[in-house]
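Report on the structure given below.
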Amino acid sequence: MYCIRSPSLNNLNCFRGEPRTYTRFSLAQQMDGDHSQVEMKLGNPEMEEEMGNSFGDTTTTRIKPRSNPRSTCFMITGTLLVFLIGFLIGYLAFRGKVDITNNICSYGTTLPSCQTIPSDSEDIPEAINNDVAQVLSLAELKDQFTTKLTNSNYSDRIQKIAVDGHEAGSDRDDQIARFITGEFKSYGLDIWNNEQYVTLQQSGSDNKVTILENGVPADSYTTARYLAYSASGSVTGKLVYANYGKKDDFNELKRRNIAVNGTVVLVRDGKISLAEKVAFAESENAVAVLIYRDQKDYPNLNKGDDFFGHVHFGSGDPFTPGFPSFNHTQFPPAKSSGLPGIQAQSISANFAQTLLNKMNGEHAPSDWEGSFTSYKLTGDDSLKVKVEVNNVFLEKKLYSVFGVIKGLVDPERYVVVGAQRDSFGPGATKSAVGTALLLELSRALSSLVKDGYKPKRSIVFASWSGGDYGHVGATEWLEGFMSMLHLKAFAYINLDSTVLGKYIVNGRYDIEGKMLLKSVFYSLNSRNVFLLVPMSMDDASYPFLAYSGIPSISFSFTEKDDRSYDFFGPQLDTLSRLISTLNEDEKLRPLLDSAMNVAGRMVLKLTHDNIISLDCERYSKRQIYHPSGCSLLMADYKRAVGSLKKDIINTINDRIMRVCMYLPVVTLYKLCLITWIFLKKNKDAVNVDVMKNQLALATWTIQGVANSLSGDVWI
């Protein structure tokens, strides 16, 4: 038989993948009736023999017989399979003759915990009935956690961190990051760092505010302090006083027919964030904003001090909005819409009083008055203020440090506990207290794990940088891993500024966090008053809630009247001033222990319970005063919540009930084990066939029970 071979799978060498022949022919018939045909030989010439024939000029190649590659592949595969089966048979036969150990596991509400029992034990059945590892209840865990607090060393940690300024991206900030990494490593945590390359703003030359009377400088104020992300440049305008700079305050000025357009607005700090004050003023077409701290809001404040802050109406790096600031990451040029287009500057209370004293317009409302004697809304046309801001942008590299306790049941879901690390100035309350609590909490919980606690879900401890610039580190981490975090991170607990006073536990929450926070607070049996307030943009938990939808909680101890902490400032926020606020040094440790208790108990509750302790039903209890469409949607949500709760209860109960259905009256695995013991002592006393049947039945029973419990929860 003669044929023309063309490249195909049949012509490929199984191991070299080469075609043996290749034939090229023309589909077009020639004028003389011939067919143009060329054949190229790609095989080994020694293995082929060329022959001629009588069919025109056709040259045909006959290939010498050789082994079929497919058969060779099948033969090798079969050999390996036979070898593997023989190995498994030999292994199973051999392990019955050697001395083995049996792992006896006791099952509770957490993962099974096992104890190794030698195979020559004379009392294996009794070992089965013993509880090898005691499963701790949540109450017992809380008690053990409380005992861990006795070894806490807060003061040394706070003093180590709050020595001097450690701005984001500075050498001192990096040094503290390395210290935290070393501490996490000593606790046995899994550690990693996240690098971010961000754009921050710092002061170039000193900023200046000048009072002009009839165009002539009358007084001025120069400072190295600045408000980050303010627009740079020089502007001049009439002066208007706007209380706290809230939207309602600007509406009140409109009601009084006082124009804000083209003016420099003077406001006092408090009630809302600095960024909101500037954004509201810009929306009214003001050209600049001056912000001071009034002694009515900060009674112990030195009137000559100004302060640092940021005025980005958002969080994270404003030049990579929605994108992570990773190294060498290329994005289209963009900037956040929350960057202000007007100048903003902080001033001292003394200079603010000088400005107010020069104003002679309409009196301010009584509730707009602070600690000064004169509060006017405007000045005459001869009084103007010039604001010069010389801030510059710099590229900085930030580090976020993470330590993880891995969960044993659902490690891919985790609760995040975080604290800000950077600060302008010592930052005792702003960063050092939170960082000290973060380290002590990680130490205590890792010690619990070493003592036998098995958290169902993972615990992530995070130390952020860039907090003073709008929680840059936390936000960039969220932006970088958004697709994963909003599905797997189910709670965020913020430890920043937890001790600002000695009386009220002040909780800032979202809807889900509220119920969890209250239940934990009430379980402390404390006499402190609980005050729950909405979360602000300045809160470090805000990015987790606003960007990722992660239930978030912040809490702090404050004074009775819930006034602001007096010493938030570059050089004022020291440990000695915190102690003076508490009146006694010995009061600091009990407050820190209480803060540890609050955070620790929340973590234990979230990682111990079988079902995550978040109350989705809270949304359905919110009263909505909106069009009927929203009411209908809320009704749908209520029905969905009810269905979810019903499914959780019924589905799990049904599976538990199936266990009894699959189990026989006599527990077969115990009979198998007893037979195995007798077999080891006296082979003749045991019927091997009966034992095989028992083993098969036990295997079938266990598999049936496993099948009844495994699989998806929703059926």
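Please report how far the C-alpha centroid of the stretch 285-360 lies from that of the stretch 258-275, rounded to the nearest whole angstrom.
Between the Cα centre of the stretch 285-360 and that of the stretch 258-275, the gap is 11 Å.
Based on Cβ point charges of +1 for Lys and Arg and -1 for Asp and Glu, what charge dipole magnitude is obtained for the stretch 139-187 about its Cα centre, in debye rounded to the nearest 20?
200
List 477, 368 from most exposed to least, where exposure is judged by having the fewest other Cβ atoms within 10 Å.
Starting with the residue having the fewest Cβ neighbours, the order is 368, 477.
To the nearest 20 debye, what charge dipole does the stretch 380-477 have about its Cα centre, counting +1 at the Cβ of each Lys and Arg and -1 at the Cβ of each Asp and Glu?
580
Percent of Cα-Cα pairs more than 29 Å apart in the stretch 205-389, please.
On the way: 3413 of 17020 pairs.
Value for the stretch 205-389 (Cα pairs over 29 Å): 20 percent.
Return 443, 293 ranked ascending by Cβ neighbour count within 10 Å, so the fewest neighbours appear first. Numbers along the way, then the final one.
Details: 443 19, 293 26.
With the sparsest Cβ surroundings first, the list reads 443, 293.
Given Cβ point charges of +1 (Lys, Arg) and -1 (Asp, Glu) and nothing else, what value in debye, to the nearest 20, does the dipole of the stretch 272-364 about its Cα centre take?
Once rounded to the nearest 20, the dipole reads 120 debye.
Which of the trypsin sites (Lys or Arg not before Pro) across the stretch 348-433 are loop residues per DSSP, with 15 or fewer other Cβ within 10 Å?
Taking the stretch 348-433 and a limit of 15 other Cβ atoms within 10 Å, the loop trypsin sites (Lys or Arg not before Pro) found are 406.
Based on the mean of other Cβ atoms within 10 Å per residue, sort peptides 461-469, 444-452 so the most packed one is first.
461-469, 444-452
No lab work stands behind these numbers, since they all come straight from the coordinates. Remember, predicted model here, so these are calculated numbers, not experimental data. Cβ: placed from backbone, ideal geometry, glycine included. Neighbour counts: every protein chain shown.
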